[in-house]
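Colleague: The structure follows.
The values are calculated or read from the model by the stated rules, or taken from the named source; none is laboratory data. Keep in mind that what you see is a predicted model, and the values were worked out from it rather than measured. Counting neighbours? That spans all protein chains shown, and the Cβs are built from the backbone with ideal geometry, glycine included.
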Amino acid sequence: MNRFITLQTPHGSLHGHLEFPDNPCGLILIARAHHAAEDAAISSCFAEFGCATLTMELLTAQEVQFPDATQNVPRLTQRLIDILDMTRKDGDMEALPLAIFTSGDVAPAAIRAAAQRDTLVKAVACHGGLIDRAGAQALKLLVAPLLMLFDADDSIGKTAYQRATSHLGGVHAMQLVDIGKDPAAPAAIWFLGLFSG
């Protein structure tokens with residue numbers, strides 16, 4: 001089953017796509033600032049592991065025009081929280097264990113949203129991103145296990161993760177991704193272990 005999802009915000013509409021295989025083991029929220037070419041490959045990878053996916057944009061069509069829109073961590077966090085809450089009111093998604101997969105600028109917002117919805121989010125995986133921008137309070141409150149995936153040459157992201165680890169109270173791990181490899185595969189293995197645990 002495939003469905004298009006629209007979420008209204010005070011600033012405009014956010015659009016997403018739900019892909020739902022038979023008897024999914026869990027739901028992965030793929031949180032993106034805006035649609036990216038690799039979204040389909042990431043969703044397909046999670047599907048191969050038996051997961052349903054909800055790919056959601058966090059910026060409206062107008063906001064995408066502004067380069068700094070992805071730096072508004074509070075706004076992205078609130079939108080992620082609204083999306084998380086929506087999944088719990090949707091008949092297809094509400095009963096599935098839920099995890100967040102994201103990358104880059106959305107990573108700090110994913111940490112904050114997971115910290116605020118600690119009973120909903122079972123796990124978080126981020127491909128890159130400066131997670132220390134989530135702030136010490138959110139990092140300390142994060143209950144969901146966190147997997148950070150870094151490209152081998154992402155020294156800035158790895159340094160930010162090292163700064164964040166002193167505040168992280170929950171389970172967290174770092175894994176390097178070979179150049180050209182799909183980061184969704186190690187994330188899927190991480191999620192499956194937690195869904196079944």
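Colleague: Among the residues of region 34-73, count how many are crowded, with 18+ Cβ neighbours inside 10 Å, of a type in the set (Phe, Trp, Tyr) and either more than 28 Å from Pro21 (Cα to Cα) or in contact with a Lys or Arg (Cβ under 9 Å, 6 or more places away or on another chain) (or both).
Modeller: Summing the residues that are crowded, with 18+ Cβ neighbours inside 10 Å, of a type in the set (Phe, Trp, Tyr) and either more than 28 Å from Pro21 (Cα to Cα) or in contact with a Lys or Arg (Cβ under 9 Å, 6 or more places away or on another chain) (or both) in region 34-73 gives 0.
Colleague: So which of Asp118, Asp22, Asp85, Asp105 ends up being touching a residue at least 24 places away in the same chain (Cβ under 8 Å) and in a loop (DSSP other than H, G, I, E, B)?
Modeller: Numbers: Asp22 fails: touching a residue at least 24 places away in the same chain (Cβ under 8 Å); Asp85 fails: in a loop (DSSP other than H, G, I, E, B); Asp105 fails: in a loop (DSSP other than H, G, I, E, B).
That would be Asp118, the only listed residue that is touching a residue at least 24 places away in the same chain (Cβ under 8 Å) and in a loop (DSSP other than H, G, I, E, B).
Colleague: OK, next. Looking at (1) in contact with a strand residue (DSSP E or B) (Cβ under 9 Å, 6 or more places away or on another chain); (2) farther than 25 Å from Pro74 by Cβ; (3) not in a helix (DSSP H, G or I), find the lone condition where Pro186 falls short.
Modeller: Every listed condition holds for Pro186 apart from (3).
Colleague: On to the next question. Quick test for you: out of Ala164, Ala95, pick the one residue that is in a helix (DSSP H, G or I) and farther than 25 Å from His34 by Cα.
Modeller: Sole residue among the options that is in a helix (DSSP H, G or I) and farther than 25 Å from His34 by Cα: Ala164.
Colleague: Met56 fails exactly one of the following numbered conditions: (1) more than 18 Å from Ala107 (Cβ to Cβ); (2) of a type in the set (A, V, I, L, M); (3) within 18 Å of the chain's Cα centre (by Cα). What is the number of that condition?
Modeller: Going through (1) more than 18 Å from Ala107 (Cβ to Cβ); (2) of a type in the set (A, V, I, L, M); (3) within 18 Å of the chain's Cα centre (by Cα) one by one, Met56 breaks only (1).
Colleague: Tell me whether region 138-147 contains one or more residues that are at pLDDT below 95, in a helix (DSSP H, G or I) and surrounded by fewer than 21 Cβ atoms within 10 Å (Cβ to Cβ).
Modeller: No, that holds for no residue.
Colleague: I'd like to know if region 190-197 contains one or more residues that are under 14 Å from the mean Cα position of the chain (by Cα), in contact (Cβ under 8 Å) with a residue 60 or more places away in the chain, assigned to a strand (DSSP E or B) and farther than 18 Å from Pro74 by Cα.
Modeller: Among the residues of region 190-197, not one is under 14 Å from the mean Cα position of the chain (by Cα), in contact (Cβ under 8 Å) with a residue 60 or more places away in the chain, assigned to a strand (DSSP E or B) and farther than 18 Å from Pro74 by Cα, which makes the answer no.
Colleague: Can you tell me which residue among Thr60, Thr87 is of a type in the set (Ser, Thr, Tyr) and more than 27 Å from Asp118 (Cβ to Cβ)?
Modeller: Working: Thr87 fails: more than 27 Å from Asp118 (Cβ to Cβ).
Being of a type in the set (Ser, Thr, Tyr) and more than 27 Å from Asp118 (Cβ to Cβ) holds for just one of Thr60, Thr87, which is Thr60.
Colleague: Considering every residue within region 87-99, establish whether at least one is under 18 Å from Pro183 (Cβ atoms) and either surrounded by 24 or more Cβ atoms within 10 Å (Cβ to Cβ) or under 14 Å from the mean Cα position of the chain (by Cα) (or both).
Modeller: Yes: one or more hits.
Colleague: Being at positive phi and touching a Lys or Arg at 6+ places or on another chain (Cβ under 8 Å) is true for just one of Gly104, Gly135. Which residue is that?
Modeller: Numbers: Gly104 fails: touching a Lys or Arg at 6+ places or on another chain (Cβ under 8 Å).
Only one candidate passes the filter, namely Gly135.
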